[in-house]
Structure formats: C-alpha cells, structure tokens
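Shown next, in structure tokens, is the structure this report addresses.
The values are calculated or read from the model by the stated rules, or taken from the named source; none is laboratory data. All of these numbers come straight from a predicted model, not from anything done at the bench. Ideal geometry is used to build each Cβ from the backbone, glycine not excepted, and the neighbour counts take in all protein chains shown. What goes into the accessible areas is simple: the full protein's heavy atoms, side chains included, and nothing from ligands, DNA or RNA. Shrake-Rupley method; radii C 1.70, N 1.55, O 1.52, S 1.80 Å.
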Amino acid sequence: MGGLYYVLNVQYQSSTTPFLSGPVTSAPKSLSLEVTDPSDNRLVFKTNLLVSGKTLPHLKVLISTSEQDQVVTSSASGSFSASLTLNEGPNKISVTVFSDSGEEKTIIKNVFYLKEQI
Amino acid sequence: MRIREKGLVLCIVGLLLFVLPLILNSYPISHVYAAENSTSANLKEKLSALQKEIASKAAQLKQEVNKNLQNKAYVGMVTLKSEASLTLATDSGAKIVSINQDSEFSSNNKKISKYSLKILQAEDFIAALGDVDENGVLTAKKVILWPTPSPEVKTHLWGQVISIADELVTLTTKEGKNVTIAVSSTDLEKDGQAVSLSQLSKNNFVIVTGVMGKNEILTADFVYIYSQPAFLKPKKIATPSAESATKSAKPTTPSTKKKSP
C-alpha cells in the first residue's frame with residue numbers, strides 16, 4: 001500500500017515549477033555555409049566541376065564564376081550541389097547563401113583548369 | 001571402537017580431507033580460469049578489432065589529406081624570386097613555391113613565347129602547379145606565365161521588387177536601400193526555367209548578378225526570381241509632427257496606492 005501510495009502521489013507528481021530548465025523555444029540558427037568541394041587552389045584536368053557543400057535547409061545558394069551563374073535550393077538536410085563548366089586557367093568560384101531575410105554568407109574557391117595532365 | 005573400525009574411519013576421513021579440497025578447488029578454479037580465459041580472449045578480440053578500425057580510419061584520413069595536398073595551383077604575382085623558390089601574392093595571401101630541376105616553365109602570354117626561371121621576374125603573373133607539403137609550400141612541376149587578369153567587377157545582390165518600368169527594375173535590399181537594375185540583355189530565371197521580363201512582378205524576391213555602373217545602376221547579367229511568404233517591412237520613420245508631439249508630452253509617474261492592512 002505504501003509503495004502504491006509512493007508511485008501514485010510522489011513519483012509521478014507534476015512539477016510545480018515548469019520551464020525551470022529554460023524556455024521551450026530554441027534559439028534561431030545562425031546562417032552557416034560550408035563548401036566541401038572543391039578545395040581551394042585545386043588543380044583539375046576536366047572542364048566540368050561539381051561544386052558541393054552544406055548550409056541550412058531550403059535556402060537559395062548562388063554559385064557564380066565570371067561567366068556563369070546558377071541558383072540552387074539546399075535540400076532538407078542543407079546539402080547542395082551544382083555543376084560548372086570551367087575556362088582553361090584560373091577560375092574564381094563564388095558560393096553565396098541567402099537567408100529568407102536577405103542575410104548572406106559567401107565563400108570563394110580558386111580552381112585552375114589545365115587541359116593536359118602534368 | 002575396534003582397531004579395524006578405527007582404521008577404516010581414519011581412512012575415510014583422510015580420503016575426504018585429501019580429495020574433497022581437490023574437488024572443491026579445481027571446480028571453481030577451472031570455472032574462474034575458463035571465465036578469465038574467455039574474458040581475456042574477448043578483450044583481445046575487441047582490441048584487435050579496434051586497432052584495425054583505427055588503422056583503417058587513419059588510412060582514410062591520410063588519403064583525404066593527400067588528396068587535399070596533391071594537384072594544387074598557386075596563381076598570383078611574383079613578389080620575390082630566388083634560385084630555388086618564388087613568393088607569390090595570391091588571393092589567399094602570400095604563397096611560397098619551391099623550384100627544382102624538374103620544374104617546367106612555359107608561357108600562355110602571347111607577348112612572351114619562351115619562359116624560364118632566368119626570364120621570370122617580379123610582377124610576372126604566373127600559375128605554379130604541383131603538390132603542396134604540410135607547410136603549404138608548393139613544389140612546382142610546372143610554372144606557366146599567364147596574362148594578368150582584369151580586376152573583378154562582378155557583384156551580386158538580393159532584394160524585393162518594388163517597381164518595374166520598361167527595362168529598369170527597382171529593388172529594396174535587406175538594408176532598406178533602393179537599387180535600380182537594368183535588365184535589357186539579362187538572363188532571367190524562375191523555378192529553374194528561363195523566363196522573360198513579363199514574368200517578373202512586384203514583391204517578387206530576386207538574386208541578381210551584374211556590374212555596378214558609375215550611375216549607380218547595376219547592369220544585370222543574371223536575375224533569379226522567386227516568391228516567399230515574408231515581405232520586407234519598410235523602416236518606420238516618425239513624421240516631424242509626431243516627433244514634436246512626443247517631445248512636448250510630459251511623462252507621468254504611476255501613482256502607487258498603499259494597501260490598507
């Protein structure tokens with residue numbers, strides 16, 4: 001009987017001080033951007049290059065070179081990718097993510113394309 | 001008790017005293033020994049598996065690191081030259097290039113057909129290609145003289161359309177600033193499809209790339225159009241009459257009533 005009393009009245013008693021551990025809402029995530037491929041100062045021997053990375057979910061990502069522009073939307077997991085055509089020589093690839101409020105973050109990668117392998 | 005009986009009893013007791021401990025000790029010992037044996041065998045197996053996993057991950061990491069160190073290109077202007085090395089000013093800072101007898105020199109600059117370490121001088125714009133070591137020094141397999149690129153003028157901006165007049169579109173940016181973009185010869189894209197200017201509407205959100213002119217009008221190369229629920233709210237600025245009314249108002253302190261006991 002004592003055990004039953006304990007279980008019913010003591011163990012499962014609701015807290016009289018809710019939210020003691022803090023608010024139920026979570027802090028807004030700050031805009032993040034990571035470009036996993038290509039690495040900076042990379043030397044490639046093919047004209048097509050896959051640019052990939054990670055940011056927050058469902059955001060617009062602008063991938064630009066001096067001659068090309070593409071906008072892709074990041075997936076539910078935040079990953080994104082796009083294929084670019086490189087010019088022979090140095091290529092500056094700019095990757096910019098935009099939040100819904102217009103906040104932006106940019107990463108630049110330099111890639112050198114050479115037709116003949118060294 | 002007779003001697004014979006006594007002897008028998010002594011025999012039995014002795015036997016018990018000798019055999020019983022043996023039986024009692026050997027069973028737990030062998031049990032414990034077997035248990036210990038199996039425990040240590042398990043530990044050894046786990047340790048071996050862990051070692052293999054660590055070795056495999058280390059090999060993977062090494063491959064990753066090597067991948068990031070091999071086939072690199074430093075592109076920039078030569079600032080310092082010695083017999084065995086060059087210092088370049090690149091977009092990502094100063095970089096050191098190591099030159100050896102295997103380094104090949106060539107020119108992609110039409111003005112100079114032949115190129116070598118002797119001809120190379122400060123302010124040459126070059127591309128040094130090779131592998132990078134853990135200190136970031138690139139050992140050049142090839143050094144190519146490259147035409148100096150023109151300065152980068154392309155820019156981008158994000159905003160919401162507030163007006164469209166012929167081929168001039170006015171946007172309001174995140175900072176609340178109005179920017180005009182010229183879209184005469186521009187690629188417009190909406191939902192992944194190429195569209196015409198007629199598809200652009202007021203309140204659309206756009207991402208634009210182009211070149212800012214001296215007249216503060218951005219000549220757009222590319223416009224990406226999309227819609228989203230949120231609208232940019234204009235900054236609330238008080239009118240002069242509201243400001244003067246506020247200044248004239250006298251603050252009142254709330255009266256506190258003492259509760260009667």
- Given Cα pairs under 8 Å that are at least 6 residues apart, what percent is the relative contact order of segment B:72-145? 36
- Partner aspartates and glutamates for B:LYS190 [C-alpha distance under 14 Å; skip if fewer than 8 residues away on the same chain]: A:ASP69
- Note on the structure: Surrounding charge for A:PHE98, neighbours by C-beta under 10 angstrom, Lys/Arg +1, Asp/Glu -1, total 0
- Task: Take the alpha-carbon centre of segment B:129-162, take the same for segment B:171-185, and report the distance between them in whole Å.
- Result: 28
- Within segment A:71-103, backbone nitrogen closer than 18 Å to the virtual label 7 Å beyond the Cα of A:LYS46 toward Cβ: A:81-89, A:91
- Count the net charge of all other residues whose Cβ sits under 15 Å from the Cβ of B:LEU50, scoring Lys and Arg as +1 and Asp and Glu as -1. +2
- Query: With each pseudo-label sitting 7 Å past Cα toward Cβ, what's the B:ASN215-B:ASP133 distance in nm, one decimal?
  - Reply: 5.7
- Task: Just need the Rg to Rh number for segment B:105-144, please, alpha carbons only, Kirkwood Rh.
- Result: 1.02
- Message: Whole percent per 5 Å bin, from 0 to the bin with the longest distance: what is P(r) over all C-alpha pairs of segment B:72-145?
- Response: 4, 18, 33, 28, 13, 4, 1, 0
- Query: Rounded to a whole number, what is D in µm²/s for segment B:154-226 from Stokes-Einstein with the Kirkwood radius over alpha-carbon pairs (37 °C, 0.692 mPa s)?
  - Reply: 277
- So how much accessible surface do A and B hide from each other in total, probe 1.4 Å, in square angstrom to the nearest 100? 2600
- Item | A:LEU4 versus A:SER83: modelled label distance in nm, points set 7 Å from Cα along the beta carbon direction | 7.2
- Global geometry of segment A:30-113, whether rounded, prolate or oblate, following the gyration tensor of its Cα atoms and the 1.5 cut on a/c: prolate
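Rounded to the nearest 0.05, what FRET efficiency is calculated for B:MET77 and B:GLN101 with R0 set to 35 Å and r the Cβ-Cβ distance?
Using R0 = 35 Å, I get an efficiency of 0.90.
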- So, counting K/R as plus one and D/E as minus one, what does the shell of residues with Cβ under 14 Å around B:LEU197 add up to? -2
